[in-house]
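Below is one structure, written out as structure tokens; comments come after it.
Where a number appears in this text, it was derived from the coordinates with a stated rule and is not lab data. A quick note: this is a predicted structure, and the numbers were derived from the prediction, not measured. Note: ideal-geometry Cβ built from the backbone for every residue, glycine included; neighbour counts use all protein chains shown.
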Amino acid sequence: MSAMIPFHRVNVLTGIKSARLIEDAAEYANLIQKAKRPLWVLGPLLSEWALDGKLLIEYALEIAKAANIPICATAHVKGKMVELGVKPDSVYDAVEIVNALKDPDWRGVKKEGNHDLVIFFGIRSDLEEQCLSVLKHFAFNHLKTMTLDKYYFPHANYSLPNFRKDEQWKAFLEDLISELKKGG
Amino acid sequence: MAEVKALTKKQEEVRQLIKAEIPWEPVGPTPMPEIPDLRSWDMRLLKTYKPWYAPFCDLCCLCTYGKCDLTQGRRGACGLDIATQQARIILLACLMGCSAHAGHAGHILEFLIEKHGPDKKIDMGTFIELEAPNIRTVTGLKPETLGDLKTVIEYVYKEITYLLDSTHFGQEGSYLDYESKALHASMLDHVGMEVADIAQIVGFDFPTSVANTPMIDMGWEAVDKSKPVILLVGHNPATSCTLIDYLRENNLYDKVEVAGICCTALETTRYSDRAKIVGPLSRQLFFIRSGIADVIMTDEQCIRTDMPIEADKVSSRVIACLDKVMYGLEDATDWDTEEIVKQMVEDKKHFAILDPEKAAEVAAQVALKISPRRKKEWISEEEAKELAGKCTQCDMCERVCPNLLGLGKAMKDISEGNFDEPQKLFNKCIGCGKCDQECPQHIPILRVMQVVASKETWRIRAGRGAIMDTEIRNVGAPLTLGTIPGVLAFVGCSNYPDIDDVADMVYEFAKRKYIVVLTGCAAMVAGMKKFQDGKTVYELFPPDFDAGGVVNVGSCVSNAHITGAAIKIANIFAALPLRANYEVMADYVLNRVGACGVAWGAMSQKAASIGTGCNRLGVPVVLGPHSSKYRRLYLSRKEEDDWRVMDARKREIVDTGEPSPEHIAYVAETKEKAMVMIPKLCIRKNDTPQGRSIKLNHYISLYRKYMGGGLPEDLHLFVRRDADIPLVYKKEVRIHLKEIGWQPKEPVGLPTFIGTYPTKVPLEAVIH
Ligand code: SF4
Ligand code: SF4
Ligand code: SF4
């Protein structure tokens, strides 16, 4: 496998198992739709990052709605979500939610069983990468992970590339929303 | 049932070492404990607070069988799995931390015993009788002289050897046992730190038994650069105190400016309130590159490993004063002073000088000679704009920045003369210099940043050492009952997301009448923000160990006084014997003392062992986001875990369902989240209804402030009866509890883990 260097070098993979890089929104949508019990882990940076004046949290909530995915709000992002009229299905910190997720017998945020696909979005990249590592090493039997941040995360199962330009990222997110709407 | 066994030779030897015949308290079950002695306590802790591992690396490469791929359940050629490998790395980190402090303690003891003799009495002043709570609890020895401290540190050395041994190929194979060993190493770290700081207090006459220590000037602008400047970097005060003595004795103190970075700065200002604190570790490289220091004296821990190279760039001169760090320099300890000075002045050479007196004399002479010829100017606005203008927005700097900072935008702003945003960014910079070396345009980024660096100065209170016994007597009851909502210890290094975070947290909690204690870099940065009337937290809040007090305890080694204060509460207030009685102390602290550590910028291995040592003693620690890179936390899962404790009064096991404290080593993503977690981690099962309602009041109000309103999702777990509900939220909370079908439960009179796991400690031992 050719090495993709993550944008932030503190996240360089020292090992052998790195994320599959996916640039096609339809493929992402397909993976999300195939999952039985996906979970959205949304971080506090979503209420700081914006693309053309639209906060990333708004994209995240649109995706959640389009694909009907339950949300776990980490850190203090819940505040912004509530402001936008959405109550998250659960509130844990990043390290806490992965701590629960790594247990195959955990009942999940909906109490319907543990999740099989966990999508991370909006956590500072070094912490997000560490959280992905927890799941890569201790939950590989029962779940897969995916990221929607602008950069490549080697410890995930599926990751976006390092987008050079915000427009590429924006286009991906918009395509993903429309793919999910199509599929739904 | 206990048959009286004859003492083994080893036990006899230990009893001799700890002077067991002196009956200040009966000797408890674990004098000078070895690896297995507190293992069952560790396993009990680890049952609730399970290790959480985030491997940095898929591989192990520690022996030539490797590299071994440890992914997806694979084991290495030796049989090791990924969890055990993480635990081994953690143990190594804790051992590095522990040995850094133990080495520091050993060096300083050697120096002070040389100076004062081994019989120099330990006297911590009128208000401190319990002089060494960690040492007494762990070893069972009541140290009376510097010589006794040597006995203690030799015990620590011995344990370090056995612990390090276990990390070798083909040894320990259980992650839980490695964790137990890491907890052991880290408990010993607090012993080593206590040895170091008691020795320093006694040997250098640092303040003790006093709260109102002098206020010190802090910030690079506080340094008078028109004078010769000697900069001290590191942790060991043998260098700095000797320098100050030399300057005083030779009437040079008016002519030479002494400044410090990192803990040495804190130590130096305990010795002389005229010395200046430049700032925490994160300002080291930045300040060195300013060229303001004529001579840089390094000692140990947290100093730049490229100091001579950096010094050359601005023609400062370096003296390496301790054998831990010699930089490959020529050892001039036995040279003639004049010759060293000559070579440093004329040939711009750096030297190792391991005799503090000689190093002091050389530093002063060199600084006096070279200062008039050296340039010490901050960059001009024009030059900064021009350099920043070379930026092509390539992002290479951002890619290597450990704090993930994008500098391209800042360079653009600076080139256009807009300094506000770059100034905010500079507040987040941890000063590593990685951006500089990566920039393809060779922009000296840190130098350019001089133009936005704050030229303010701040006031910080000098470190005061141990908490006084009298203070413990006053706060013991309100703390254990919960009416003082908690003791918060802000400790650790400067790898935080933002330099203002610590000050903001200290301000928030001191205002809420928590007791706030601080050490090390955290103590410095807490003072680097001005609140109302331009005052820092040290000027706004009283220096007492009491509700709403803000106490600078001192340097890193002063962390032992924080764990020491927790032990003092158990011993002085609750009257539980502490001698060789670690398990009872830890059980008391975990279950009954609402204390929480906050290591927001933890970065070093020392911070790993300081934090892990707090954990073994039952003090939970909140870490900043970078600390996920330590790769191990201790987390519970509140809904699923077992929250049973023994009610020692009723002698029955009670299922409380109450996750207090919820985690003992936890990473908060943001300052806001930390502000919500900290009050929660101060909740203890023995809180009185009044105490609990005060604690919940803070928990709810901080939750509302930072989480956008509403009630905490887990609030119901912490309400035992209606009386626990804070008055202001009574109505809303009652409605909420009714909705979710909450049922009241009996508070536990005397909660303890003793009796819930196999231990030699009888239940009577925790009843006071
Ligand atoms: S120590 Fe064990 S896991 Fe590590 S490289 Fe050697 S054989 Fe492999
Ligand atoms: S010096 Fe500051 S901005 Fe540069 S890489 Fe280090 S932390 Fe980032
Ligand atoms: S590496 Fe240099 S040129 Fe590139 S963005 Fe950073 S400062 Fe600008």
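Tabulated results
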read-out: Average projected area [Cα convex hull, the protein assembly as shown], square nanometres; value: 38.7 nm²
read-out: DSSP-assigned coil residues among trypsin sites (Lys or Arg not before Pro) in segment A:1-100, each with at most 13 further Cβ atoms within 10 Å; value: A:Lys36
read-out: Shielding by partners - mean other protein chain Cβ count within 10 Å, residues of B:662-669; value: 5
read-out: Between segment B:137-155 and segment B:645-719, the alpha-carbon center distance in angstrom; value: 38 Å
read-out: Bins of 5 Å from zero: percent of alpha-carbon pairs in segment A:21-183; value: 2, 9, 20, 24, 23, 15, 5, 1, 0
read-out: Cβ-derived FRET efficiency at R0 56 Å, A:Lys36 paired with B:Asp224, nearest 0.05; value: 0.20
read-out: Residue-averaged 222 nm ellipticity for the protein assembly as shown, from DSSP H runs of 4+ at -39500 (n - 2.57), nearest 500; value: -12500 deg cm²/dmol
read-out: All lysines inside 23 Å of B:Lys358 as judged from Cα atoms, apart from same-chain residues fewer than 8 positions distant; value: B:Lys115, B:Lys227, B:Lys255, B:Lys276, B:Lys324, B:Lys342, B:Lys348, B:Lys349, B:Lys369
read-out: Chain B: angle of helix B:469-481 to the longest principal axis, Cα-based, in degrees nearest 10; value: 50 degrees
read-out: Among A:Thr145, A:Thr14, A:Thr74: highest mean-square fluctuation, GNM of chain A, C-alpha pairs under 10 Å; value: A:Thr14
read-out: Where labels lie 7 Å past Cα in the beta-carbon direction, separation of A:Lys87 and A:Lys165 in nm; value: 4.3 nm
read-out: Gaussian network model of chain A, Cα within-10 Å springs - most flexible of A:Leu31, A:Leu117, A:Leu56; value: A:Leu31
read-out: Nearest-20 debye value, chain A charge dipole, Cβ charges on Lys, Arg, Asp, Glu; value: 360 debye
read-out: Fraction of alpha-carbon pairs over 23 Å apart in segment B:60-192 - percent; value: 45 percent
read-out: By average C-beta atoms within 10 angstrom, highest first, the peptides B:647-659, B:189-201, B:696-708; value: B:189-201, B:696-708, B:647-659
read-out: Within-14-Å neighbourhood charge of B:Ser315 [Cβ basis; K, R +1; D, E -1]; value: +4
read-out: Environment charge at B:Ala352 (Cβ cut-off 9 Å; Lys +1, Arg +1, Asp -1, Glu -1); value: -3
read-out: Shielding by other protein chains, A:127-140, mean Cβ within 10 Å; value: 6
read-out: Net charge of neighbours whose Cβ lies under 15 Å from the Cβ of B:Asp69, counting Lys and Arg as +1 and Asp and Glu as -1; value: +3
read-out: Computed label-point distance, nm, for sites B:Lys409 and A:Ser178 using a 7 Å Cα→Cβ extension; value: 2.9 nm
read-out: Inter-chain shielding of B:65-73 (mean C-beta neighbours from other protein chains, 10 Å cut-off); value: 3
read-out: Net length gained if the chain between B:Leu727 and B:Glu129 were fully extended (0.36 nm per residue, minus Cα distance); value: 211.2 nm
read-out: Modelled FRET efficiency - R0 60 Å, A:Lys54 with B:Thr470, Cβ distances, 0.05 increments; value: 0.50
read-out: Full-stretch length increase - B:Asp331, B:Glu110 - with 0.36 nm per residue and alpha-carbon distance subtracted; value: 77.6 nm
read-out: Within segment B:337-361: backbone nitrogen closer than 15 Å to the B:Asn250 label point (7 Å, Cα to C-beta); value: B:337-345, B:355-361
read-out: Inter-label distance for B:Met96 and B:Asp395, nm, one decimal - labels placed 7 Å from Cα along Cα-to-Cβ; value: 3.1 nm
read-out: Residue list for segment A:82-115, given a label point 7 angstrom along the Cα-to-Cβ vector of B:Glu739 and an amide N cut-off under 16 Å; value: A:82-83, A:85-91
